[in-house]
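See below for the structure under consideration.
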Amino acid sequence: METRRILMKSLAVAVVIASVIWTTSAAQDKEKSCCTEVSAAVVTDPIIGVRLQPKSLPCVLAVIFETAQGEFCSDPKPRWVKEKVKQFFNLKKKNTTPPTSSISA
C-alpha cells in the first residue's frame, strides 16, 4: 500500500514537471517567432505575404515580409518598405477582383 502511494506521488510530481517544461518551451518558441530586430537590407525576392508586428518586448515594431526564402523583418519607416507594402496590397487587390462579364442582355 505504501509503495502504491509513493508511486502515485512520484507520478504526480513527474506530470507537474513535464507541464512546466512544456509551458516554458512553448513560451520560448513564441518569443523566437517574433522579430527582435529589423534589417536595413532591401527585400528583392517576390513577396507572398506582409504583416505588421506591433512593438511588444522583446518583439520590435516591424513589417514582416514573407517570401519563399523565409520571413524578413524590416523597419516600417523607410520609403522602400512603404512602397513594397503598397505594391503588395495593390497587386493582391487586383488579383482578387472578380472578373467582369462581357455578356450583355
Karplus-derived HN-Hα couplings along the stretch 50-65 (A = 6.51, B = -1.76, C = 1.60, θ = phi - 60°), whole Hz, x at Gly and Pro: 9, 8, 9, 9, x, 6, 7, 3, x, 6, 9, 5, 7, 9, 9, 8
Amide H contacts under 5 Å for VAL50, placed H, 5+ residues apart: GLU66
In Hz, Karplus ³J(HN,Hα) per residue of the stretch 72-79 (6.51, -1.76, 1.60; θ = phi - 60°; x = Gly, Pro): 10, 9, 10, 5, x, 7, x, 4
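How do the peptides 84-92, 60-68, 40-48 rank, highest first, by the average count of neighbouring beta carbon atoms within 10 Å per residue? Before the final figure, lay out the partial values.
Working: 84-92: 13.7, 60-68: 17.1, 40-48: 11.4.
Per-residue Cβ counts within 10 Å, averaged per peptide and sorted highest first, yield 60-68, 84-92, 40-48.
Please pull out the direction-averaged projected area of the stretch 44-95, using the convex hull of its alpha-carbon atoms, in nm² to one decimal place. Don't skip to the end; give the middle numbers.
Details: hull surface 15.1 nm².
In nm², the orientation-averaged hull projection of the stretch 44-95 is 3.8.
Each reported figure results from applying straightforward, stated rules to the coordinates on display, with no laboratory input. All figures in this text were calculated on a predicted structure; none of them were measured in a lab. Don't worry about glycine lacking a Cβ; one is built from the backbone with ideal geometry, like all the others, and counts go over all protein chains shown.
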